[in-house]
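Enquirer: Below: one structure in structure tokens.
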Amino acid sequence: MRIIGPDELIFGVDNIQACRDFLKDYGLIETAPDCFEALDRTAIILRETGDASLPPPLPTATRLRETVWGVEDQATLEAISGELSRDREVRTEASGRLSTVDDAGFRIAFQVTRRIKLDLAAERINSPGASPGRAANEIGANEDAEARPRTLSHIVYFVPDMDRMANFYIQRLGFVITDKFTNTGPFLRPQANDDHHVLFMIQTPDYMQGLEHLAFHMQGPTELMLAGSRMVKKGYQSFWGPGRHKFGSNWFWYFNSPMGTHVEYDADMDKHDGDWVMRETPMSKEAAQMFLFENVAKWAPGGPPPGKG
Amino acid sequence: MIVVCRLDDVPDGGAIGALPNARGRDTLVLLRRGDQVLGYVNNCPHYDRAPLGWRKDEFLNGDGTRIMCAAHGALFRIEDGVCEVGPCLGQALTAVALTIRDGHVCLADGSALLS
Ligand SMILES: [Fe+2]
């Protein structure tokens with residue numbers, strides 16, 4: 001199953017203007033009404049809670065209505081339709097998109113991906129012993145960098161039965177486990193994506209089921225810090241970060257959002273292939289991050305002591 | 001007695017954050033309904049470090065009838081802070097007793113100081 005990753009996340013919200021403001025400030029581009037895209041066209045879609053085009057909500061607090069997965073080609077769509085039609089209804093929409101439900105009850109859809117291929121530079125650094133990442137006189141600290149999210153990286157669900165949920169994505173859709181937090185949940189990678197994870201899940205009571213967070217990949221740690229600092233400056237509420245995770249190695253910075261889910265910037269995630277052997281460890285503060293910082297107001301040392309100048 | 005802010009700083013029907021800690025994070029959420037001001041600790045009962053809002057002074061759902069946790073969407077009743085839906089179902093926000101004196105919102109005597 002040549003599934004690439006999440007293409008679109010569709011929300012039903014009762015505070016749509018606040019959500020629009022947030023997504024624009026986060027760095028996504030509104031390319032159609034209430035469609036907010038990253039550089040590769042992966043997107044967050046906003047709708048009013050009562051919009052008749054939306055699938056029904058879960059009975060929990062989550063505003064996520066549908067997760068749309070991007071796949072490589074029509075043949076993959078047909079394979080998914082054949083596989084999932086064995087035990088559930090799979091609707092084919094006029095657009096060709098398949099719409100159904102997973103084993104936890106989340107509405108999911110599949111489409112030939114809307115992603116465009118990006119051809120962009122990575123963050124470039126200079127490192128002793130290595131050839132220079134930047135040419136002479138090329139500056140690394142660019143406060144004016146756009147720092148736009150490049151692509152929808154991954155989503156994390158709260159699920160009542162992580163084993164059942166993981167088995168659905170593994171056995172029915174061909175995802176593989178890259179690493180696992182015991183009693184919390186596995187990190188999953190689909191076959192047409194080498195990122196460490198596009199899907200992670202956290203075992204919770206059933207009344208918590210929903211979206212824990214979504215994340216977009218940034219160019220690198222510097223643009224992650226720049227984008228996050230801009231959010232803080234605009235008054236947005238940082239939740240966790242900046243820091244660097246252990247599993248996946250990605251830099252992270254999470255914010256609260258008016259969609260009622262955490263929204264993360266991430267950067268520099270590990271890539272894996274079939275040779276990788278999964279690691280497993282209990283979830284803990286130590287296991288969750290290599291290091292954690294907290295943003296503080298700007299300050300600088302220097303100058304004479306107060307009153308002596 | 002600790003003065004939190006002026007009564008007029010809290011919009012009627014709205015909410016604001018107050019009493020920032022050393023890191024600049026508001027530790028208190030104030031909600032005003034007429035001349036009454038309610039206060040809650042700015043932390044979702046779901047985690048020990050989960051501030052409620054998504055932006056400075058943004059704590060309410062779309063129609064302003066509930067406090068919304070912008071971490072996972074939990075909704076809390078304004079009058080008593082009880083969670084009606086969300087990860088902290090059955091729990092409640094921690095209320096902070098307030099008094100109004102001379103047009104100022106103050107922590108009531110004996111109110112625990114917030115860190
Ligand atoms: Fe993440």
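The values are calculated or read from the model by the stated rules, or taken from the named source; none is laboratory data. Predicted, not measured: the structure shown is a model, and the values here were computed from it. Glycine also receives a Cβ, built like all others from the backbone with ideal geometry; neighbour counts cover every protein chain displayed. Heads up: the accessible areas ignore ligands, DNA and RNA and are worked out on the full protein's heavy atoms, side chains in. Shrake-Rupley method; radii C 1.70, N 1.55, O 1.52, S 1.80 Å.
Enquirer: Roughly how large is the A-B contact in terms of buried accessible area, totalled over both chains, probe 1.4 Å, nearest 100 Å²? Intermediate values should be presented prior to the final figure.
Expert: Details: alone 15130 and 6340 Å², together 19300 Å².
The summed interface area works out to 2200 Å².
Enquirer: A further question on this structure: Give me the inter-chain shielding for A:17-27: mean count of other chain Cβ atoms within 10 Å, whole number please.
Expert: Taking all residues of A:17-27 together, the mean is 2.
Enquirer: Which residues does the label zone of B:V85 cover in the stretch A:9-51, counting backbone N under 12 Å from a point 7 Å along Cα→Cβ?
Expert: The answer is A:12-14, A:49-50, whose backbone nitrogens lie closer than 12 Å to the label point.
Enquirer: Only bridges whose two residues both fall in chain A count here: according to DSSP, what percent of them are antiparallel, nearest 5? Write down the numbers at each step before the final one.
Expert: Working: 45 of 70 bridges.
If I count the DSSP bridges inside chain A, around 65 percent turn out antiparallel.
Enquirer: Per residue of B:60-73, what is the mean number of Cβ atoms on other protein chains within 10 angstrom of that residue's Cβ?
Expert: 6
Enquirer: Here's a follow-up. With a 1.4 Å probe and all protein chains kept in place, how do A:S99, A:S85, A:S249 rank by accessible area, largest first?
Expert: A:S85, A:S249, A:S99
Enquirer: How large is the accessible surface of A:T31 in square angstrom, using a 1.4 angstrom probe and rounding to the nearest 10?
Expert: Accessible surface of A:T31 is approximately 80 Å².
Enquirer: In addition: Which whole number of Å³ per residue matches the convex hull of the alpha-carbon atoms in the stretch A:141-249? Let's see the in-between values first.
Expert: On the way: hull volume 12.7 nm³, N = 109.
Cα convex hull per residue, to the nearest whole number: 117 Å³.
Enquirer: Can you tell me the accessible area per residue over the stretch A:256-309, all protein chains present, probe 1.4 angstrom, in square angstrom?
Expert: 68 Å²
Enquirer: What's the Cα-based Rg to Rh of chain B, Rh via Kirkwood?
Expert: Checking Rg against Rh, the ratio lands at 0.94.
Enquirer: With label points built 7 Å along Cα→Cβ from the Cα atoms of A:D73 and B:D8, find their separation and express it in nm.
Expert: In this crude spin-label approximation the distance works out to 7.0 nm.
Enquirer: With a cut-off of 8 Å between alpha carbons and a minimum separation of six or more residues, what is the relative contact order of the stretch A:121-216 in percent?
Expert: About 32 percent, as a whole number.
Enquirer: Of all DSSP beta bridges located in the stretch B:2-110, what percent are antiparallel, nearest 5? List each step's numbers first, then the result.
Expert: Working: 28 of 29 bridges.
Looking only at bridges with both residues in the stretch B:2-110, the antiparallel portion is about 95 percent.
Enquirer: Defining a contact as two alpha carbons under 8 Å apart and six or more residues distant in sequence, what relative contact order in percent does chain A show? Before the final figure, lay out each step's value.
Expert: On the way: 660 pairs, mean separation 55.8, N = 309.
Relative contact order here is 18 percent.
Enquirer: Highest first, please rank the peptides B:15-24, A:262-271 by the mean number of other Cβ atoms sitting within 10 Å of their residues.
Expert: Per-residue Cβ counts within 10 Å, averaged per peptide and sorted highest first, yield A:262-271, B:15-24.
Enquirer: Of A:L214, A:L120, which has the most accessible area with a 1.4 Å probe, and how do the rest follow in descending order? Walk me through the intermediate numbers first.
Expert: Numbers: A:L214 0, A:L120 90 Å².
Result of the area sort, largest leading: A:L120, A:L214.
Enquirer: Taking the Cα centre of the stretch B:2-110 as origin and charging only Cβ (+1 Lys, Arg; -1 Asp, Glu), how large is the dipole, in debye to the nearest 20?
Expert: It comes to approximately 340 debye.
Enquirer: Also: Taking beta carbons within 10 Å but only from partner chains, what does the mean come to for residues A:290-297?
Expert: Partner Cβ neighbours, averaged per residue: 1.
Enquirer: Return the inverse of the average 1/r over all pairs of distinct C-alpha atoms in the stretch A:94-164, which is the Kirkwood hydrodynamic radius, in Å to one decimal. Kindly include the intermediate steps, with their values, before the conclusion.
Expert: Values: mean 1/r = 0.0572 Å⁻¹.
With all distinct Cα pairs of the stretch A:94-164 included, I get 17.5 Å.
Enquirer: Could you give the length gained on full extension between A:S284 and A:E138, defined as 0.36 nm per residue of separation minus the Cα-Cα distance, in nm?
Expert: 48.5 nm
Enquirer: Here's a follow-up. For labels at A:K117 and A:K24 in the simple 7 Å Cα→Cβ model, what's the distance in nm?
Expert: About 3.4 nm separates the two model spin labels.
Enquirer: Still on this structure, please answer the following. Projecting each Cα onto the charge dipole of the stretch A:157-309 (Lys/Arg +1, Asp/Glu -1 at the beta carbon, about the Cα centre), which of A:G303, A:S257, A:Y236 comes out farthest on the positive side?
Expert: A:G303
Enquirer: I would also like to ask the following. May I ask you to compute the full-extension gain from A:Q17 to A:A94, defined as 0.36 nm times their residue separation minus their alpha-carbon distance, rounded to one decimal in nm?
Expert: Taking A:Q17 through A:A94 to full extension adds about 24.8 nm, to one decimal.
Enquirer: While we're on this one: Just to check, using Stokes-Einstein with a Kirkwood Rh over alpha carbon pairs, what's the diffusion coefficient of the protein assembly as shown at 25 °C and 0.890 mPa s in µm²/s?
Expert: Numbers: Rh = 23.0 Å.
Calculated translational D: 106 µm²/s.
Enquirer: Please compute the contact order of chain B in relative form: average sequence separation of alpha-carbon pairs under 8 Å and at least six residues apart, divided by the residue count, as a percent.
Expert: Once normalised by length, the contact order is 25 percent.
Enquirer: Counting only protein heavy atoms, what percent of the accessible surface of chain A is carbon or sulfur at a 1.4 Å probe? Could you put the intermediate results ahead of the total?
Expert: Numbers: 7380 of 14060 Å².
C and S atoms contribute 53 percent here.
Enquirer: Roughly how many nanometres apart are two label points built 7 Å out from the Cα toward the Cβ at A:R124 and A:I170?
Expert: 4.3 nm
Enquirer: Using 23 Å as the Cα-Cα cut-off, could you pick out the over-long pairs in A:K234/A:K285; A:K271/A:K298; A:K180/A:K271; A:K24/B:K56; A:K117/A:K234? Can you show the working numbers first?
Expert: Numbers: A:K234/A:K285 29 Å; A:K271/A:K298 35 Å; A:K180/A:K271 16 Å; A:K24/B:K56 17 Å; A:K117/A:K234 31 Å.
Over 23 Å Cα-Cα: A:K234/A:K285; A:K271/A:K298; A:K117/A:K234.
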